[in-house]
Amino acid sequence: PRYHPDWASLDARPLPTWFDQAKVGVFVHWGVFSVPAWGSEWFWWHWQGEHRTDYERFVQRRYPPDTTYADFAPRFTAHDFQPREWAQLFQRAGARYVVLTTKHHEGFTNWGSPVSWNWNSLDMGPHRDLVGELGQALRESNIRYGLYHSLLEWFNPLYLADKESGFKTQDFVLKKTMPELYDLVLKYKPDLIWSDGDWEAPESYWNSTSFLAWLYNDSPVKDTVVVNDRWCNNCSCNHGGYYNCADKYKPGTLPTHKWEMCSSIDKLSWGYRSNMNIAELMDEASIIEELVQTVSFGGNYLINVGPTKEGVIVPIFQERLLALGRWLDTNGEAIYESKPWRVQMENSTDTVWYTSKGPVVYAILLIWPRDNILELSSPTPSPATQVTMLGFAGALKWQKSPGKGLLITLPCLPPSPLPPQSGWTLRLEGVK
């Protein structure tokens, strides 16, 4: 069918199946904001949009007088950027797709945008096509490639003039936003477009529905591309492909629409901060917990890292990603290609979560029970019921529990002063 440039038609498009099966992605926030590497990727806005004193003081102390944000661009060098090493890391982390910022709200593009003169990674800074280089490395590793793109640019004069007109004029959209989106699709053929920066203006300003109709009808990725829900104000959680709803969104119950939870290892920022400390980072257990809860509710999990201005993913971020990958090496069967089960969590406790695949049910424990006995009241056992643990050889003993459900005897863990790492998966066959 041909899709029309209106939400009723566009929202009827089925989501390409690869996205729901993928479950795990890595988000990468990288740009000129990686140069001051302080506060967050909203550095320019906090500094010169809101004139926050902490940001003004930071620039006064560290940079020459009269420094402008544009002066940071030459220092965005990407000297140590090794796209193949990134791709290898993301693969070992268990990511099935990766989303890179092609342009954040600062307007600097990580490819040679023909409409971003002297404010792009070919003319300035790295003098490299960052979007293209990472794309090639990911494709060699068989990882799907997503492109994040901000519709708005905080300080672009064309955007500010359109805003001044109450968004009755569209100079910025026609000369900047749309040419860039078409260019990204035709040049890089992305598997996913992660739109953002939509909140200030209506669809009539952004022309999003016209772009999406072209994307779904005539673009080179029309059958495979997936998009999110940030295409105009009032769009989030209502229109588009899958729903993000809000950053770090947690639904609490099973949504009827495919969704994605994006989260950042650095809890205070999406871009790299040179002054982060360990208490501000997610630990392995909380990453696994977020992943498990998200997938139980039918969502995808997109975990973010911010590389340095040189293009290094710092070791602590690598360590967290590799820990996630190790966990998925053992437990991925319960995650990838899984579907939500009839119950998402055990007895509304949030320590056991369910996923399913065909007739098989997976119960994922986030906390190990004290006496090595796990009671599950949600599954109904049958004489044919078999219980195994992923990564552990042999069947586990179980019996019917006095109420309903099962009592499962878990393998003994060696005694340890530390609580054991979270996340073990029981594979239940022959249960209802």
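The values are calculated or read from the model by the stated rules, or taken from the named source; none is laboratory data. Since we're looking at a predicted model, the values are computed, not measured. Note that we place each Cβ from the backbone using ideal geometry, even for glycine, and neighbour counts take in every protein chain shown. Please note that ligands, DNA and RNA were not included when accessible areas were found on the heavy atoms of the full protein model with its side chains. Shrake-Rupley method; radii C 1.70, N 1.55, O 1.52, S 1.80 Å.
When you scan the stretch 216-231, how many residues do you find that are open to solvent by less than 30 Å² (accessible area, probe 1.4 Å) and closer than 22 Å to Val98 by Cβ?
Narrowing the stretch 216-231 to residues open to solvent by less than 30 Å² (accessible area, probe 1.4 Å): 216-217, 219, 221, 225-231.
Within this subset, residues satisfying the condition of being closer than 22 Å to Val98 by Cβ are 219, 221, 225-231.
Final tally of qualifying residues: 9.
Open to solvent by less than 70 Å² (accessible area, probe 1.4 Å) and aliphatic (A, V, I, L, M): does that describe Ala70? Steps first, please.
Values: open to solvent by less than 70 Å² (accessible area, probe 1.4 Å): yes; aliphatic (A, V, I, L, M): yes.
So Ala70 passes the test.
Taking the stretch 151-184 only, how many residues are surrounded by fewer than 18 Cβ atoms within 10 Å (Cβ to Cβ) and of a type in the set (Val, Ile, Thr)?
Qualifying residue count for the region: 1.
If Pro307 satisfies all but one of (1) open to solvent by 10 Å² or more (accessible area, probe 1.4 Å); (2) assigned by the TED database to the domain that holds Ala37, what's the number of the condition it fails?
(1)
Among the residues of the stretch 292-317, count how many are in contact with a Leu (Cβ under 7 Å, 6 or more places away or on another chain) and either modelled with pLDDT under 95 or over 25 Å from Ser121 (Cα atoms) (or both).
5
Suppose we keep only residues that are open to solvent by 80 Å² or more (accessible area, probe 1.4 Å) and not in a loop (DSSP other than H, G, I, E, B) within the stretch 41-67. Which one would you say is farthest from Thr308 (Cα to Cα)?
For the stretch 41-67, the residue satisfying everything is Thr53.
When you look at Asp223, is it under 20 Å from the mean Cα position of the chain (by Cα) and more than 19 Å from Val131 (Cα to Cα), yes or no?
Working: under 20 Å from the mean Cα position of the chain (by Cα): no; more than 19 Å from Val131 (Cα to Cα): yes.
So Asp223 fails the test.
Select from the stretch 408-429 the residues that are surrounded by fewer than 16 Cβ atoms within 10 Å (Cβ to Cβ) and modelled with pLDDT of 95 or more and write down the one among them that is farthest from the chain's Cα centre (by Cα).
Only one residue tops the list, namely Thr409.
What is the number of the single condition among (1) of a type in the set (Phe, Trp, Tyr); (2) within 21 Å of Tyr97 (Cβ to Cβ); (3) out of contact with any Ser or Thr (no Cβ under 7 Å at 6 or more places or on another chain) that Tyr205 does not meet?
All conditions pass for Tyr205, except number (2).
Against the definition (at pLDDT 95 or above, part of a helix (DSSP H, G or I), open to solvent by less than 20 Å² (accessible area, probe 1.4 Å) and touching a Lys or Arg at 6+ places or on another chain (Cβ under 9 Å)), how does Tyr148 come out, yes or no? Steps first, answer last, please.
Working: at pLDDT 95 or above: yes; part of a helix (DSSP H, G or I): no; open to solvent by less than 20 Å² (accessible area, probe 1.4 Å): yes; touching a Lys or Arg at 6+ places or on another chain (Cβ under 9 Å): yes.
So Tyr148 does not fit the description; no.
What's the total number of residues in the stretch 68-102 that are in a loop (DSSP other than H, G, I, E, B) and either out of contact with any helix residue (DSSP H, G or I) (no Cβ under 6 Å at 6 or more places or on another chain) or modelled with pLDDT under 95 (or both)? Quick ask: steps written out before the conclusion?
At the first step, the residues of the stretch 68-102 found to be in a loop (DSSP other than H, G, I, E, B) are 68, 76-82, 93-96.
Narrowing further to those that are either out of contact with any helix residue (DSSP H, G or I) (no Cβ under 6 Å at 6 or more places or on another chain) or modelled with pLDDT under 95 (or both): 68, 77-82, 95.
Number of matching residues: 8.
Go over the candidates Ser401, Ser378, Ser338, Ser356 one by one and state the one that is without any contact (Cβ under 8 Å) to a residue 24 or more places away in the chain and surrounded by 12 or more Cβ atoms within 10 Å (Cβ to Cβ).
Values: Ser401 fails: without any contact (Cβ under 8 Å) to a residue 24 or more places away in the chain; Ser378 fails: without any contact (Cβ under 8 Å) to a residue 24 or more places away in the chain; Ser338 fails: without any contact (Cβ under 8 Å) to a residue 24 or more places away in the chain.
Checking each option against the conditions leaves just Ser356.
Would the stretch 173-194 turn up any residue that is under 21 Å from the mean Cα position of the chain (by Cα) and charged (D, E, K, R)? Walk me through how you get there before you give the answer.
In the first step, residues of the stretch 173-194 are kept if they are under 21 Å from the mean Cα position of the chain (by Cα); the result is 181, 184-185, 188-194.
If we keep only those that are charged (D, E, K, R) too, we end up with 189, 191.
Yes, some residue in the stretch 173-194 is under 21 Å from the mean Cα position of the chain (by Cα) and charged (D, E, K, R).
Which strands (runs of 3 or more DSSP E) sit wholly inside the stretch 364-422 and have at least 3 residues that are touching a strand residue (DSSP E or B) at 6+ places or on another chain (Cβ under 7 Å)? Lay out the reasoning, then the answer.
Details: elements: 373-376, 381-389, 392-395, 398-400, 406-409.
Correct list: 373-376, 381-389, 398-400, 406-409.
Failed condition for Lys175, given (1) in a loop (DSSP other than H, G, I, E, B); (2) in contact (Cβ under 8 Å) with a residue 60 or more places away in the chain, with all others met?
Status for Lys175: all satisfied but (1).
Hey, any hits in the stretch 149-163 for a residue that's closer than 13 Å to Trp111 by Cβ and either in the same structural domain as Tyr242 (by the TED database) or of a type in the set (D, E, K, R) (or both)? Steps first, answer last, please.
Just the residues of the stretch 149-163 that are closer than 13 Å to Trp111 by Cβ, to begin with: 149.
Okay, now just the ones that are also either in the same structural domain as Tyr242 (by the TED database) or of a type in the set (D, E, K, R) (or both), so 149.
Looking through the stretch 149-163, at least one residue is closer than 13 Å to Trp111 by Cβ and either in the same structural domain as Tyr242 (by the TED database) or of a type in the set (D, E, K, R) (or both).
Scan the stretch 87-96 and tell me whether some residue there is touching a His at 6+ places or on another chain (Cβ under 7 Å), assigned by the TED database to the domain that holds Asp183 and touching a residue at least 60 places away in the same chain (Cβ under 8 Å).
Within the stretch 87-96, the first condition is being touching a His at 6+ places or on another chain (Cβ under 7 Å), and the residues that meet it are none.
No: zero hits.
Any idea how many residues of the stretch 381-398 are over 12 Å from Val431 (Cα atoms), open to solvent by 40 Å² or more (accessible area, probe 1.4 Å) and aliphatic (A, V, I, L, M)?
2
For (1) assigned to a helix (DSSP H, G or I); (2) open to solvent by 40 Å² or more (accessible area, probe 1.4 Å); (3) in contact with a helix residue (DSSP H, G or I) (Cβ under 9 Å, 6 or more places away or on another chain), each residue gets a yes or a no:
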{"position": "Ser204", "(1), (2), (3)": "yes, yes, no"}
{"position": "Trp214", "(1), (2), (3)": "yes, yes, yes"}
{"position": "Asn233", "(1), (2), (3)": "no, yes, yes"}
{"position": "Ala246", "(1), (2), (3)": "no, yes, no"}
{"position": "Tyr249", "(1), (2), (3)": "no, yes, no"}
{"position": "Ser269", "(1), (2), (3)": "no, no, yes"}
{"position": "Ile287", "(1), (2), (3)": "yes, no, yes"}
{"position": "Leu291", "(1), (2), (3)": "yes, no, yes"}
{"position": "Ile313", "(1), (2), (3)": "no, no, yes"}
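Evaluate the stretch 189-203: report whether one residue or more is within 29 Å of Pro157 (Cβ to Cβ) and of a type in the set (Val, Ile, Thr).
So the first thing to find is which residues in the stretch 189-203 are within 29 Å of Pro157 (Cβ to Cβ), and the list is 190, 193-203.
Filter once more, keeping what is of a type in the set (Val, Ile, Thr): 193.
The answer is yes, given that some residue of the stretch 189-203 is within 29 Å of Pro157 (Cβ to Cβ) and of a type in the set (Val, Ile, Thr).
Would you tally the residues in the stretch 125-139 being over 20 Å from Trp42 (Cα atoms), open to solvent by less than 50 Å² (accessible area, probe 1.4 Å) and more than 24 Å from the chain's Cα centre (by Cα)?
Quick first cut of the stretch 125-139, residues over 20 Å from Trp42 (Cα atoms) only: 126-139.
Those still in the list that are open to solvent by less than 50 Å² (accessible area, probe 1.4 Å) too: 126, 129-132, 134-135, 137-138.
If we keep only those that are more than 24 Å from the chain's Cα centre (by Cα) too, we end up with 126.
So the answer is 1.
Among (1) open to solvent by 10 Å² or more (accessible area, probe 1.4 Å); (2) in contact (Cβ under 8 Å) with a residue 40 or more places away in the chain, which single condition is Glu319 missing?
In the conditions (1) open to solvent by 10 Å² or more (accessible area, probe 1.4 Å); (2) in contact (Cβ under 8 Å) with a residue 40 or more places away in the chain, Glu319 misses (2) alone.
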